[in-house]
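First comes the structure, then the notes that go with it.
What follows draws every value from the coordinates through simple rules; no lab data is involved. Every value quoted in this text rests on a predicted model; they were computed, and no experiment measured them. Cβ atoms come from the backbone with ideal geometry, glycine included; neighbour counts cover every protein chain shown.
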Amino acid sequence: MAMIDKSDSSAVVVIGSGAGGGTLANELCQKGIKVVLLEAGKRETTDSF
């Protein structure tokens, strides 16, 4: 997982990983934009996927 500094004003925060938010986050990442994607629910680990 990448770390983004709190003072980094170039990062985009997308709230919700549904159809719209997930697609938007993917498109931004493919263009090289730093994205933080927030979703409600418990925290998942790489082992739980």
For this session: Filter the trypsin sites (Lys or Arg not before Pro) in segment 1-48 to those in DSSP coil with at most 12 other Cβ atoms within 10 Å of their Cβ, and list the result.
Result: LYS6, LYS31, LYS42, ARG43
Seminar exercise, completed: Measuring from the longest principal axis of the C-alpha atoms of the chain, the long axis of helix 19-30 (C-alpha) lies at a number of degrees, nearest 10, equal to 50 degrees
Problem set entry | Size of charge dipole - the chain - debye, nearest 20, with Cβ of Lys, Arg +1 and Asp, Glu -1, no other charges | 80 debye
For this session: List the GluC sites (Glu not before Pro) within the chain that fall in a DSSP loop (any state other than H, G, I, E or B) and whose Cβ has at most 10 other Cβ atoms within 10 Å.
Result: GLU44
Exercise. How many nm is it between the label spots at LYS6 and ALA40, if each spot is 7 Å from the Cα in line with the beta carbon?
Worked result: 2.5 nm
Problem set entry | Whole-Å semi-axes of the ellipsoid equivalent to the chain (Cα gyration tensor, √5λ, descending) | 19, 15, 11
For this session: Would you grab the residues whose amide H sits under 5 Å from the one on VAL12? Only those 5+ places off in sequence or on another chain, please, with H modelled 1.01 Å from N.
Result: LYS34, VAL35, VAL36
Problem set entry | the chain - percent relative contact order, Cα under 8 Å, separation 6 or more | 38 percent
